[in-house]
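Report on one structure; see the data block that follows.
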Amino acid sequence: MTGDALRYASVSQVESPDSLVAHFGPERPLVLDSGVALSPFQIAYQTYGTLNAARSNAVLVCHALTGDQHAANVHPVTGKPGWWSTMIGPGRPIDTDRYFVVCSNVIGGCLGSTGPSSVNPATGQPWALAFPLVTIRDMVRAQAMLMDYLGIGTLFCVAGGSMGGMQVLEWAASYPERVYTAMPIATAAIHSAQNIAFGEVGRQAIMADPDWRGGRYLEAGVRPAQGLAVARMGAHITYLSESALHRKFGRRLQDRAAPTFTFDADFQVESYLRHQGEAFVERFDANSYLYVTRAMDYFDLAGSHGGVLANAFRGSKTRFCVASFSSDWLFPTSDSRAVVHALNAAGASVSFVEIQSDKGHDAFLLDEPELTATTGGFLRAAARMRGI
Ligand SMILES: CC(=O)SCCNC(=O)CCNC(=O)[C@H](O)C(C)(C)COP(=O)(O)OP(=O)(O)OC[C@H]1O[C@@H](n2cnc3c(N)ncnc32)[C@H](O)[C@@H]1OP(=O)(O)O
Ligand SMILES: N[C@@H](CCO)C(=O)O
């Protein structure tokens with residue numbers, strides 16, 4: 001690679017010096033849903049708290065589309081608090097004085113786990129689009145291998161929102177005996193046509209950027225920053241709600257008293273979206289965005305269980321707590337209700353809460369008192385039963 005390419009590679013695949021990394025060699029390939037055996041590969045992860053002697057207090061936290069392993073520590077790239085700092089920590093709902101919390105970067109990601117910007121050992125170049133497609137189940141398989149590596153058999157809880165919630169559902173379906181409690185939040189058991197459509201718009205924005213170069217931008221020493229920023233701007237609208245956008249910005253103008261009669265960011269909401277797009281490209285890789293959005297598209301838990309969602313949970317002893325947000329139009333409450341109905345049909349133990357909030361889908365990343373109270377209460381009750 002040229003010097004420039006190396007510089008961009010360091011932005012695209014950020015080796016987090018403060019992350020732990022589990023390496024899996026040829027003796028332990030990751031056999032993907034596509035049939036490809038990925039080997040070698042690595043998973044970057046963070047831990048918080050202490051694993052107890054009985055190894056019974058581990059909580060796996062699964063991140064959303066563009067999250068990463070830095071759930072509760074200062075992020076090494078953005079310098080901001082981890083994406084679930086409101087939820088994880090001493091005395092917080094996922095109490096690190098009580099639980100051992102693990103969060104790993106998904107396979108296909110770009111913060112230390114093997115993904116399209118990692119080096120393909122066969123060529124010595126970044127994988128780019130030669131990287132195999134991954135699914136939510138592949139992400140979970142890799143996490144299960146990480147749990148084996150850490151010596152954790154049964155997880156006290158698997159929790160996460162959005163794509164993280166998809167992983168929670170997949171964990172409960174694929175490894176029921178390893179999941180004591182499960183918290184799928186603001187998620188669905190199937191990615192809707194509307195959500196696939198939004199994902200496709202983002203992918204096309206990336207691919208339309210001349211710097212995408214058929215996915216081989218790292219070798220060329222460039223990055224499709226404009227395309228990735230536009231993808232994020234479009235997606236970010238779906239993470240909020242109409243009322244939140246109105247409350248935050250309305251039609252107010254950005255640092256000016258009157259419209260400029262140009263295509264400058266006259267409105268605050270335009271300036272805000274441009275900022276979200278620009279900030280995003282500093283911390284995320286375009287090809288990873290393609291792969292991880294695709295993994296969400298392929299998610300259809302009923303489809304992989306004979307077309308009946310309840311079949312995914314039959315015989316499950318896992319205790320579920322399902323949560324949704326009233327203003328979430330990306331993963332609406334009806335998606336969570338479908339999961340709850342299937343769990344009831346399967347005879348599983350499930351509680352459900354729809355949290356009233358105008359903050360839209362990404363409310364699960366914010367300080368929502370009802371979410372923190374629900375999470376803390378559910379886990380404390382389960383911990384008493386588990387003797388933690
Ligand atoms: C590593 C990770 O981040 S994990 C991935 C998961 N995390 C995310 O997806 C984070 C991105 N998502 C968001 O930021 C979502 O908007 C939310 C809903 C989670 C955050 O909501 P809030 O905390 O209410 O923040 P808000 O949406 O107001 O955005 C604040 C940002 O917009 C900027 N901003 C606000 N108004 C304007 C404006 N008129 N013009 C330009 N920028 C603006 C703020 O300066 C702030 O910037 P910063 O994040 O660089 O400090
Ligand atoms: N804002 C989230 C995606 C939707 O939950 C993320 O970027 O991971």
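The values are calculated or read from the model by the stated rules, or taken from the named source; none is laboratory data. What you see is a predicted model, and the numbers here were worked out from it, not measured in a lab. Cβ atoms come from the backbone with ideal geometry, glycine included; neighbour counts cover every protein chain shown.
The figures follow:
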{"item": "Only one of A310, A279 that is at pLDDT 95 or above, within 16 Å of ligand 2 (Cβ to nearest atom) and not in a loop (DSSP other than H, G, I, E, B)", "result": "A279"}
{"item": "Residue in the range 35-45 that is within 16 Å of ligand 1 (Cβ to nearest atom), at pLDDT 95 or above and in a loop (DSSP other than H, G, I, E, B) present", "result": "no"}
{"item": "Residue, farthest from the chain's Cα centre (by Cα), within the range 334-358, restricted to residues that are surrounded by 20 or more Cβ atoms within 10 Å (Cβ to Cβ) and either of a type in the set (S, T, Y) or outside the structural domain of R137 (by TED's automatic domain parsing) (or both)", "result": "S357"}
{"item": "Which numbered condition Y180 fails, given (1) surrounded by fewer than 23 Cβ atoms within 10 Å (Cβ to Cβ); (2) over 20 Å from A295 (Cα atoms); (3) not assigned by TED's automatic domain parsing to the domain that holds D138", "result": "(3)"}
{"item": "Residues located in the range 272-296, provided they are under 15 Å from the mean Cα position of the chain (by Cα) and farther than 20 Å from A208 by Cα", "result": "R283, A295, M296"}
{"item": "Complete set of residues in the range 35-66 that are touching a helix residue (DSSP H, G or I) at 6+ places or on another chain (Cβ under 9 Å) and of a type in the set (A, V, I, L, M)", "result": "L38, I43, L51, A58, V59, L60, V61, A64, L65"}
{"item": "Members of the range 265-315 found to be in contact with a Ser or Thr (Cβ under 9 Å, 6 or more places away or on another chain), among the acidic types (D, E) and over 23 Å from P76 (Cα atoms), listed by number", "result": "D266"}
{"item": "Single residue of the range 60-78 satisfying the filter (of a type in the set (A, V, I, L, M, F, W, C), within 16 Å of G89 (Cβ to Cβ) and more than 12 Å from ligand 2 (Cβ to nearest atom)) that is surrounded by the fewest Cβ atoms within 10 Å (Cβ to Cβ)", "result": "V74"}
{"item": "Boolean, G82 is under 13 Å from D68 (Cβ atoms) and either out of contact with any Ser or Thr (no Cβ under 7 Å at 6 or more places or on another chain) or β-branched (V, I, T) (or both)", "result": "yes"}
{"item": "Only one of G307, G303 that is on the phi > 0 side of the Ramachandran plot and either away from ligand 1 (no atom under 15 Å from the Cβ) or in the same structural domain as I237 (by TED's automatic domain parsing) (or both)", "result": "G307"}
{"item": "Matching residues in the range 88-134 - criterion: being touching a helix residue (DSSP H, G or I) at 6+ places or on another chain (Cβ under 8 Å) and of a type in the set (D, E, K, R)", "result": "R92, D95, R98"}
{"item": "Counted residues, the range 48-75 - those being in a loop (DSSP other than H, G, I, E, B) and either modelled with pLDDT under 95 or closer than 25 Å to M385 by Cα (or both)", "result": "9"}
{"item": "Index of the failed condition, M296 passing every other in (1) hydrophobic (A, V, I, L, M, F, W, C); (2) buried (at least 22 other Cβ atoms within 10 Å of the Cβ); (3) under 30 Å from E219 (Cβ atoms)", "result": "(2)"}
{"item": "Exclusive hit being modelled with pLDDT of 95 or more, assigned to a loop (DSSP other than H, G, I, E, B) and within 16 Å of ligand 1 (Cβ to nearest atom), set G112, G124, G153, G91", "result": "G112"}
